[in-house]
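The structure appears below as structure tokens.
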Amino acid sequence: MLLKGFSTIALLICSNIFMTLAWYGHIAFKSQLQRFGVVAIVLISWGIALFEYCFQVPANRIGHEYFSAAQLKTMQEAITLVVFSVFSVWYLKEDFQWNHLVGFALIILAVFFIFKK
């Protein structure tokens, strides 16, 4: 069970890295990509998102052997916040504010309650 749990988390992390890149990666290149138009950006994002699905689907299939769907979704959302926080600070050069930390802490508290037996 422990190995499958770690596999699920690792796959979810990989999935979320690709998802975040697909959804927000183009923001750092607004001026450079402006000539391509929104349709091209959407198609590029879909191409990146394909890799997200390559990790997300196995994560859910493996994880559902040990976790409920609600637990899987909650893990995915918590991982999304961590990945996005690192991405926004490192890649987008945005500041991480105290209110972000408080909001994320409340979401982590929700994770606690979802997993509580």
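Numerical summary
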read-out	value
Region 9-115 - charge dipole about Cα centre, Lys and Arg +1 at Cβ, Asp and Glu -1, debye rounded to 20	240
Nearest-ten-degree value, helix 37-63 long axis tilted from longest Cα axis of the chain	10
Residues of the chain: accessible area per residue with a 1.4 Å probe, Å²	69
Relative contact order of the chain, pairs being alpha-carbon contacts under 8 Å that are 6 or more residues apart, as %	35
Angle between the chain longest axis and helix 98-115 axis [Cα atoms, degrees, rounded to 10]	40
Cα long-axis angle, helix 2-24 against the chain (0 to 90 degrees, to the nearest 10)	20
Protein accessible area in the chain, 1.4 Å probe - carbon and sulfur %	74
Low-density loop positions, chymotrypsin sites (Phe, Trp or Tyr not before Pro), region 51-116 - DSSP coil, at most 16 other Cβ in 10 Å	Tyr66, Tyr91, Phe96
Calculated over the chain: convex hull of Cα atoms, volume per residue (Å³)	108
Principal axes of region 41-107: Cα extent on each, largest first, Å	37, 33, 15
Rg and Dmax of region 27-72, Cα atoms only, in Å	16.2, 47
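The values are calculated or read from the model by the stated rules, or taken from the named source; none is laboratory data. On a predicted model such as this, the values are computed, not experimentally measured, just so you know. Cβ sites come from the backbone with ideal geometry, for glycine too, and all protein chains shown count toward neighbours. Note: accessible area is taken over every heavy atom of the protein model, side chains too, but ligands, DNA and RNA are not part of it. Shrake-Rupley method; radii C 1.70, N 1.55, O 1.52, S 1.80 Å.
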